[in-house]
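Visitor: Dropping the structure in here first, questions after.
Every number in this text was worked out from the coordinates using simple rules, so none of it is lab data. All of these numbers come straight from a predicted model, not from anything done at the bench. Because the Cβ atoms are built from the backbone with ideal geometry, glycine has one as well, and the counts that use them run over all protein chains shown.
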Amino acid sequence: MLLSGPKAVRLVAEEMGEDGLAEFGLDGPQMLVRITLSGGQSVEVLVGDQTPSGKEVYMSISGSYDGYSVDLTWQVVIRRLATDLPLPEESSWGVPAQDAPLGAVVFRRDLS
């Protein structure tokens with residue numbers, strides 16, 4: 001889902017203005033996701049409150065006043081990537097992964 005999307009579940013507001021941002025929790029978002037491409041282009045995604053069903057969250061693109069809802073899983077996965085990085089504990093060189101030579105194969109000792 002994360003790599004194939006996120007696909008907006010629905011457009012919840014067009015040109016909502018500052019008041020609309022507050023209504024969906026986007027005036028002080030719970031999460032700001034900045035994606036920068038190799039060419040230097042970047043986009044910021046604002047993630048606001050959960051929808052009343054609790055299955056989706058409100059989101060908007062920074063600089064836009066259109067609001068959407070996306071599946072809650074998207075927020076959960078992005079938050080987990082930021083707080084619990086999927087880094088290996090040790091490299092095949094026997095040193096911490098961050099100290100391994102570029103291109104070294106890394107692995108986890110404990111797969112349980």
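Visitor: Dipole magnitude of the range 10-87 about its Cα centre, charges +1 at Lys/Arg Cβ and -1 at Asp/Glu Cβ only, in debye to the nearest 20?
Guide: Dipole about the Cα centre, nearest 20: 480 debye.
Visitor: Follow-up question, since we're still on this one. Assuming a ≥ b ≥ c are the square roots of the Cα gyration tensor eigenvalues, decide whether the range 10-87 counts as rounded (a/c under 1.5), prolate (otherwise, with a/b larger than b/c) or oblate. Before the final figure, lay out each step's value.
Guide: Details: a/c = 2.23, a/b = 1.27, b/c = 1.76.
Oblate shape, in that a/c is at least 1.5 and b/c is the bigger or equal ratio.
Visitor: Run the numbers for R79 and D66: contour at 0.36 nm per residue of separation, minus the present Cα-Cα distance, in nm.
Guide: Computed gain between R79 and D66 is 2.4 nm.
Visitor: May I pose another question? ³J(HN,Hα) across the range 39-44 via Karplus (A = 6.51, B = -1.76, C = 1.60, θ = phi - 60°), whole Hz, x for Gly/Pro?
Guide: Ordered by residue, 3J(HN,Hα) equals x, x, 5, 9, 9, 10 Hz.
Visitor: Continuing with the same structure: Only Cα pairs under 8 Å and at least 6 apart count here; give the relative contact order of the range 19-91 as a rounded whole percent. Don't jump to the answer; show the numbers that get you there.
Guide: On the way: 102 pairs, mean separation 15.8, N = 73.
Over the range 19-91, the number comes to 22 percent.
Visitor: What order do you get for M16, M59, M31 when you list them from fewest to most C-beta neighbours inside 10 Å?
Guide: Ordered from fewest to most neighbouring Cβ atoms within 10 Å, M16, M59, M31 come out as M31, M16, M59.
Visitor: Would you mind ranking V77, V33, V43, V57 by Cβ crowding within 10 Å, fewest neighbours first?
Guide: Neighbour counts put them in this order, fewest first: V43, V77, V33, V57.
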